[in-house]
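Reading through the structure tokens given below for one structure.
The values are calculated or read from the model by the stated rules, or taken from the named source; none is laboratory data. Note that the structure is predicted; figures quoted are calculated from it, not measured. Quick reminder, even Gly has a Cβ in these numbers, built from the backbone with ideal geometry, and neighbours come from all protein chains shown. Note: accessible area is taken over every heavy atom of the protein model, side chains too, but ligands, DNA and RNA are not part of it. Shrake-Rupley method; radii C 1.70, N 1.55, O 1.52, S 1.80 Å.
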Amino acid sequence: MSIRVLVVDDEQLVRNGFRGILEAQPDIVVVGEADSGDWAVEAAIQLSPDVVLMDIRMRQMDGLTATRAIMRQMAPPPKIVVLTTFDYDEYVYEALKSGASAFLLKDSPQEQLTAAVRVVAAGDALLHPSITRRLIADFVARPTPRAGIPPELEGLSEREVEVMRHLARGLSNDEMAAKLFLSKDTVKTHVAHIFAKLGLRDRVQAVIKAYECGLVQPGRE
């Protein structure tokens, strides 16, 4: 089945460019466009896309507000790929917390755009390398993690906390299975339980949560 995409940007030329790139792929179809955040919310509800390409800075309603509204009003919500012209955007962190599954720069290669659509449609997450570096730098400047299990994670089992720690360090399910001497299916079950107990949508939000509450810190084992 084709991946259904809604393209949201306040520039017609940009929307046309994204549509051309995406519709050249045999497994992707653009089901609609919107030129503002409020229209993006309405279009998402009406068209039920699998993925929304969301611009950040738009008239009337910005992409961050639109992302929150879509996540709040749709069940299940589509995956959100946030696109921006700027390599430093004050909305990056909040967009990821709000539910975006991918964050790319508009000047990313075409193959990165199509790859991002496929990755998030499959349930994974993707960040542009420069954005990843900036988020890590921000977390490095935060206080050293507290001893013991953070209060925010007290609802998790000991094994689930261990899985979340490895997940936050970027390990895949296969890598976690090998490191913890578990089956891949068992790891997938633990990850699903972590998402459900903490109200997380994907691995990006799990990583953010792990760093926010002090479970892990870059450069520390």
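Values for this structure:
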{"quantity": "Qualifying residue in region 131-151 (condition: open to solvent by 30 Å² or more (accessible area, probe 1.4 Å), at pLDDT 80 or above and in a helix (DSSP H, G or I))", "calculated": "yes"}
{"quantity": "Odd one out for Leu105 among (1) at pLDDT 90 or above; (2) among the aliphatic types (A, V, I, L, M); (3) under 27 Å from Tyr211 (Cβ atoms)", "calculated": "(1)"}
{"quantity": "Check on Leu113, modelled with pLDDT of 80 or more, more than 12 Å from the chain's Cα centre (by Cα) and open to solvent by less than 20 Å² (accessible area, probe 1.4 Å)", "calculated": "yes"}
{"quantity": "Residue count, region 170-182 (criterion: over 16 Å from Asp202 (Cβ atoms) and open to solvent by 50 Å² or more (accessible area, probe 1.4 Å))", "calculated": "5"}
{"quantity": "Residue list for region 22-35, filter: part of a strand (DSSP E or B) and touching a Ser or Thr at 6+ places or on another chain (Cβ under 7 Å)", "calculated": "Ile28, Val29"}
{"quantity": "Residue pairs meeting the criteria (Cβ under 9 Å; at least 6 apart or on separate chains; first free of Cβ contacts under 8 Å to residues at least 40 places away in the same chain and open to solvent by less than 10 Å² (accessible area, probe 1.4 Å), in region 45-69; second assigned to a loop (DSSP other than H, G, I, E, B) and among the hydroxyl-bearing types (Ser, Thr, Tyr))", "calculated": "Ile56/Thr85; Ile56/Tyr91"}
{"quantity": "Some residue of region 160-178 being at pLDDT 90 or above and not in a helix (DSSP H, G or I)", "calculated": "no"}
{"quantity": "Verdict on Gly99 being at positive phi, within 13 Å of the chain's Cα centre (by Cα), open to solvent by 30 Å² or more (accessible area, probe 1.4 Å) and at pLDDT 60 or above", "calculated": "no"}
{"quantity": "The listed residue being over 27 Å from Cys213 (Cβ atoms) and part of a helix (DSSP H, G or I), out of Arg19, Arg59", "calculated": "Arg19"}
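Residue-wise test of (1) surrounded by 15 or more Cβ atoms within 10 Å (Cβ to Cβ); (2) under 27 Å from Arg203 (Cα atoms); (3) touching a strand residue (DSSP E or B) at 6+ places or on another chain (Cβ under 9 Å).
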{"residue": "Leu6", "(1), (2), (3)": "yes, yes, yes"}
{"residue": "Leu13", "(1), (2), (3)": "no, no, no"}
{"residue": "Gly37", "(1), (2), (3)": "yes, yes, yes"}
{"residue": "Pro76", "(1), (2), (3)": "no, yes, no"}
{"residue": "Lys79", "(1), (2), (3)": "yes, yes, yes"}
{"residue": "Leu83", "(1), (2), (3)": "yes, yes, yes"}
{"residue": "Ala95", "(1), (2), (3)": "yes, yes, yes"}
